[in-house]
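These notes concern the structure reproduced below.
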Amino acid sequence: MAMSVKSSSSGSEGEMGPVAEINVTPLVDVMLVLLIIFMVTQPLMMNQLPITLPKPSLFQSDKPPHKLTVDFDLQNNYFVQETDGPKEPVAYMDLPARLRTLAQANPDELVIVCADKDAVYDRVVDLMAIVGSAGFFKVSLCP
């Protein structure tokens, strides 16, 4: 660190006191080196993450997605309903076989599990397990 020496203002020429000043030359050197490092490494960091964006669709489909609804009521009655079809009552013992046949036709179909609001939670979980073991991969709960 450099210091300059100036004469004191008391009038006597023999006394000179040190005055500390900041030498900015090393600070500028360090900042220039950092600037050069960042300028060199910045283009290298731009190509690290490849991103594939989805293509926008020019038209929207008005057709609703095909879905299957499986629900039950408090009287232990189970129902299966396809997209626009009627609610078909299905016995509890026949439910896994019926769902397996539907899953073989379309395993990627969305299955919505519905239940009465006063239903026991264990029965809802049991019904979801039956739907999952039948071969469906997309299972959702009723809103």
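The values are calculated or read from the model by the stated rules, or taken from the named source; none is laboratory data. Values in this document were obtained by computation on a predicted structure and should not be read as measured data. All Cβ positions, even for glycine, are placed from backbone atoms using ideal geometry, and neighbour counts span all protein chains on display.
Looking only at residues of segment 69-106 that are over 22 Å from PRO143 (Cα atoms) and part of a loop (DSSP other than H, G, I, E, B), we find that the one that is modelled with the lowest pLDDT is ASN106.
Give the residues of segment 77-133 that are of a type in the set (Phe, Trp, Tyr), surrounded by fewer than 18 Cβ atoms within 10 Å (Cβ to Cβ) and more than 15 Å from LYS67 (Cα to Cα), sorted by residue number.
Within segment 77-133, the first condition is being of a type in the set (Phe, Trp, Tyr), and the residues that meet it are 78-79, 92, 121.
Imposing the further condition that a residue be surrounded by fewer than 18 Cβ atoms within 10 Å (Cβ to Cβ) reduces the set to 79, 92, 121.
Within segment 77-133, TYR92, TYR121 meet the criteria.
Scanning segment 54-68 for residues that are modelled with pLDDT of 80 or more and under 14 Å from LEU110 (Cβ atoms) yields LYS67, LEU68.
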